[in-house]
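Below is one structure, written out as structure tokens, with a few remarks after it.
The values are calculated or read from the model by the stated rules, or taken from the named source; none is laboratory data. Please read these numbers as outputs of a predicted model, since none were measured by experiment. Glycine gets a Cβ as well: all are built from the backbone with ideal geometry, and neighbour counts include every protein chain shown.
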Amino acid sequence: MVSSTELKKALIQQQNEINDHALYLALAQREKEPQNREVFVKIAEEELEHYRFWEKITGQKRKASPLLIRFYLLLVTIFGTSFALKWVERREKWAEAFYCSLFDAYPEARKIYTQEQLHEQKLVGMLQDKKLLYAGAIVLGMNDALVELTGTLSGIALAFEHTQTVGITGAIMGVAASLSMAGSSYLEARENPDKTIRATVYAAYTGISYILTTAVLVLPFFLFSRIATALAVMFAGAVVAIMAYNFYIAVAKGQSFARRTSQMLLITLGVALISFAIGYGVHRYFGIEI
């Protein structure tokens, strides 16, 4: 007999299992690769078994949440299958601990616990997520724009007196650099032995990520008239962009969010501070004001 607290946990997990069952079935229907489809169907069947296990304990029935399934499928469409499923599987860590506490009372829980552990391994082994294949291109464009433009804008912010001048200069440099980066990425991708990566798509990811990052960084200089305010908002935007991207990669690839974010922040802010010092020196000793 489970306690009221355990019953609440069991009902939560029962709902999770039927949601996961519906999600994996939906992914199987969308999947074009037969081997991947079989894996999704297999996991869906296991999730249904897990749901029935909880149904015996709680004595209650649950239905999958259509709204939640649509939300997960939206995540798959926008961020790729790897991100969405890793997000789902991260929730399973809590479930695994709960299963462990039931080993003595319910021996079947041990089998389910083992299956839950194997799910992530199966998914990692089967997935060829195109969005992750091109993650390197996004890193190249975004990181290069963050490092170059935060440094450049910080440097010229004190050399130029007007924020719009800084913004226009940064925008011109950003567009030119994005085209240059896209061209270089195209040539790099053509030499890549991985035939699943298309050079034109790789170049597009690089260029677009560079332009979008440029827009985030230069926009404050068109919105604010004070240099200090524009710089502060620019750095805030850079930090948000860095954290958002690294959160995506940390979840999708199972890497450390803190380590990736701290490294990218140190590089970006370090270059910006050096450039800011150079700009300050130019402004102080040469008296350039535009």
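Report yes if residue 222 is of a type outside the set (Gly, Ala, Ser), over 15 Å from residue 149 (Cα atoms) and either touching a residue at least 40 places away in the same chain (Cβ under 8 Å) or not in a helix (DSSP H, G or I) (or both), otherwise no.
Yes.
Please name all residue pairs, on different chains or six or more residues apart, with Cβ atoms under 7 Å, provided the first residue is in the stretch 47-76 and is free of Cβ contacts under 8 Å to residues at least 60 places away in the same chain and the second residue is part of a loop (DSSP other than H, G, I, E, B).
Going by the 7 Å Cβ cut-off, the qualifying pairs are 55/61; 57/2.
Got a number for residues in the stretch 95-118 being at pLDDT below 70, assigned to a helix (DSSP H, G or I), surrounded by 12 or more Cβ atoms within 10 Å (Cβ to Cβ) and aliphatic (A, V, I, L, M)?
Total meeting the criteria: 1.
Taking residue 261, is it over 30 Å from residue 88 (Cβ atoms), of a type outside the set (A, V, I, L, M, F, W, C) and part of a helix (DSSP H, G or I)? Steps first, answer last, please.
Values: over 30 Å from residue 88 (Cβ atoms): no; of a type outside the set (A, V, I, L, M, F, W, C): yes; part of a helix (DSSP H, G or I): yes.
In short, no.
If you check residue 272 against the conditions, is it modelled with pLDDT of 85 or more and either touching a Lys or Arg at 6+ places or on another chain (Cβ under 7 Å) or farther than 30 Å from residue 87 by Cα (or both)?
Spelling it out, it is not the case that residue 272 is modelled with pLDDT of 85 or more and either touching a Lys or Arg at 6+ places or on another chain (Cβ under 7 Å) or farther than 30 Å from residue 87 by Cα (or both).
Which residues, taken from the stretch 44-83, are in a loop (DSSP other than H, G, I, E, B), surrounded by 16 or more Cβ atoms within 10 Å (Cβ to Cβ) and either modelled with pLDDT under 90 or not assigned by TED's automatic domain parsing to the domain that holds residue 9 (or both)?
Hit for the stretch 44-83 is 80, nothing else.
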